[in-house]
Amino acid sequence: MDLVRFEEKTYPKEFFFQIINSIADFVQVVNKKNQVIYRNDTMKEVLKEAKKQGTVLTDFSATQRTLETGEVIQQEQTYLGESYSVKTSPLWNKEGDLVGAVEVFRSNSREKKLHEELVEKNQSMVHEMVLASSVQKALLPRKGFLKTVKVGYYFEPLDYISGDLFDVFSLDDRHIAFYMSDTVGHGFASGMVTMFIHQAMRTLEKEILLHPSLTLEKIGKKFRDLKLNLDYYFTMFYGVYDLEGQVLSYANAGHNCPPILKGRNLCMPLEITGRPIMGYAYEDFYESHQIPVYPGDQLLLCTDGFIESSNEHKEYYGFPRLLQLMETISGDLIDRLVQDQNQFTWGPLTDDRTALSLEIY
């Protein structure tokens, strides 16, 4: 019996042939004349069936090159209607002479099929995300006048779907409601939370929507009733403008970029405390404030995507800069804000950017 020493142990040659024959890949060995002197059982079975159909393996070009140069060659080849990654390695004897080559054929068909399925699923997912993005954008209010309030906004999702959402709508002939919300995270799950916010706000009774604090409490209860993962939460600033009384009522559920009201003799943030709306089982209570608002006044609402962007020195844009900008600019607030922020920011965006302006006429 021929014996082979390996790692200080001696094995019969048949042991190594058993290992090679158990390999699912095709393995064949050729001599210096490029003649096959060995094939493992896996390859024999496949070629045996192929021979019955009149198909034979004839492409030995890669092997011939290895036999001439002694280099290891790996390439893609097609045999019997299937794609294979073929690796050809030289065989040397003890004297260092090139005496043959070994070829290992690994089928790519399964990998290629999985890759094609993955590409197809990714394309389908992208299509669905684009569709969801279109639906989300369709929920945004129209720019222009709503009664005596001029609406303008900027909406730039980080991904296909934004975690930011806002709305401006009439409650009756006298009252206009608006909100700005920011859901934790980005992507599809956060986008679904924004869909909930829009639907919940549009289906609350007017008697509730007229009172900002009560509105946030009801939205919080509806959100907890969904029993979602506790990691999801959102912030919201909600306000109601009384056109006849010229009074703005508002409440805040943790929105950390307070709106800025700019009038003839003032420019001030509408700061008010309140917890974000979460899935935890607790009772919400929100304060509600009122402030007079007159024709010519402007209100700017943003999400933290604006104030938390940074420059090349890793300095945040920050709320103080936003407030200073509001104090000094005139004209279209949104255009000036986006222009200033783009000039300040360095590198790619890291969050959704959303801004809403309301100008009283």
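Going residue by residue through the stretch 270-279, is there one that turns out to be within 32 Å of the chain's Cα centre (by Cα), modelled with pLDDT of 95 or more and assigned to a loop (DSSP other than H, G, I, E, B)? No, that holds for no residue.
Can you give me the number of residues within the stretch 66-83 that are part of a loop (DSSP other than H, G, I, E, B) and either among the hydroxyl-bearing types (Ser, Thr, Tyr) or buried (at least 17 other Cβ atoms within 10 Å of the Cβ) (or both)?
Final tally of qualifying residues: 0.
Per this entry, residue 254 is counted among residues that are in contact (Cβ under 8 Å) with a residue 12 or more places away in the chain and on the phi > 0 side of the Ramachandran plot.
Take the stretch 266-287 and flag every residue that is in contact with a Leu (Cβ under 8 Å, 6 or more places away or on another chain) and more than 22 Å from residue 151 (Cβ to Cβ). It would help to see each step written out before you state the result.
Filtering the stretch 266-287 down to residues in contact with a Leu (Cβ under 8 Å, 6 or more places away or on another chain) leaves 267-270, 274, 277-280, 284, 286.
Listed by number, the residues that qualify are 274, 277, 278, 279, 280, 284, 286.
Quick check on this structure: which one of 212, 259 is more than 22 Å from residue 352 (Cβ to Cβ), modelled with pLDDT of 95 or more and either crowded, with 20+ Cβ neighbours inside 10 Å or in contact with a strand residue (DSSP E or B) (Cβ under 6 Å, 6 or more places away or on another chain) (or both)?
212
Tell me, yes or no, whether the stretch 283-296 has at least one residue that is part of a helix (DSSP H, G or I), surrounded by 13 or more Cβ atoms within 10 Å (Cβ to Cβ) and modelled with pLDDT under 95. Within the stretch 283-296 (the criterion being part of a helix (DSSP H, G or I), surrounded by 13 or more Cβ atoms within 10 Å (Cβ to Cβ) and modelled with pLDDT under 95), the answer is no, since none of the residues qualifies.
The residue list 113, 121, 137 contains one member that is part of a helix (DSSP H, G or I), within 31 Å of the chain's Cα centre (by Cα), surrounded by fewer than 17 Cβ atoms within 10 Å (Cβ to Cβ) and in contact (Cβ under 8 Å) with a residue 12 or more places away in the chain, which is 137.
If you check residue 86 against the conditions, is it surrounded by 11 or more Cβ atoms within 10 Å (Cβ to Cβ), at pLDDT 70 or above and assigned to a strand (DSSP E or B)?
Considered against the rule, which asks whether it is surrounded by 11 or more Cβ atoms within 10 Å (Cβ to Cβ), at pLDDT 70 or above and assigned to a strand (DSSP E or B), residue 86 comes out as yes.
Note on the stretch 324-353: residues that are closer than 20 Å to residue 155 by Cα and either in contact (Cβ under 8 Å) with a residue 24 or more places away in the chain or among the polar types (S, T, N, Q) (or both) total 19. Quick check on this structure: which one of 323, 349 is assigned to a loop (DSSP other than H, G, I, E, B), surrounded by fewer than 19 Cβ atoms within 10 Å (Cβ to Cβ), at negative phi and at pLDDT below 95? That would be 349, the only listed residue that is assigned to a loop (DSSP other than H, G, I, E, B), surrounded by fewer than 19 Cβ atoms within 10 Å (Cβ to Cβ), at negative phi and at pLDDT below 95. Against the list (1) hydrophobic (A, V, I, L, M, F, W, C); (2) part of a helix (DSSP H, G or I); (3) buried (at least 17 other Cβ atoms within 10 Å of the Cβ), the condition residue 130 fails is (3).
Regarding the stretch 287-294, can at least one residue be identified that is among the aliphatic types (A, V, I, L, M) and under 16 Å from residue 239 (Cα atoms)? There is at least one residue in the stretch 287-294 that is among the aliphatic types (A, V, I, L, M) and under 16 Å from residue 239 (Cα atoms).
The numbered conditions (1) modelled with pLDDT under 85; (2) assigned to a strand (DSSP E or B) are all true for residue 103 except (1). Of the residues making up the stretch 166-195, those that are surrounded by fewer than 20 Cβ atoms within 10 Å (Cβ to Cβ) and either touching a Cys at 6+ places or on another chain (Cβ under 7 Å) or aromatic (Phe, Trp, Tyr) (or both) are 169, 188.
If you scan the stretch 29-61, which residues turn out to be part of a helix (DSSP H, G or I), modelled with pLDDT of 75 or more and either surrounded by 11 or more Cβ atoms within 10 Å (Cβ to Cβ) or in contact with a Cys (Cβ under 7 Å, 6 or more places away or on another chain) (or both)? Steps first, answer last, please.
Filtering the stretch 29-61 down to residues part of a helix (DSSP H, G or I) leaves 41-52, 61.
Those still in the list that are modelled with pLDDT of 75 or more too: 41-48.
Of everything in the stretch 29-61, those that are part of a helix (DSSP H, G or I), modelled with pLDDT of 75 or more and either surrounded by 11 or more Cβ atoms within 10 Å (Cβ to Cβ) or in contact with a Cys (Cβ under 7 Å, 6 or more places away or on another chain) (or both) turn out to be 41, 42, 43, 44, 45, 46, 47.
Residues in the stretch 160-176 that are touching a residue at least 60 places away in the same chain (Cβ under 8 Å), under 30 Å from residue 130 (Cβ atoms) and in a loop (DSSP other than H, G, I, E, B): 162, 163.
The values are calculated or read from the model by the stated rules, or taken from the named source; none is laboratory data. What you see is a predicted model, and the numbers here were worked out from it, not measured in a lab. Reconstructed Cβ throughout: ideal geometry from the backbone, glycine too, with neighbour counts over all protein chains shown.
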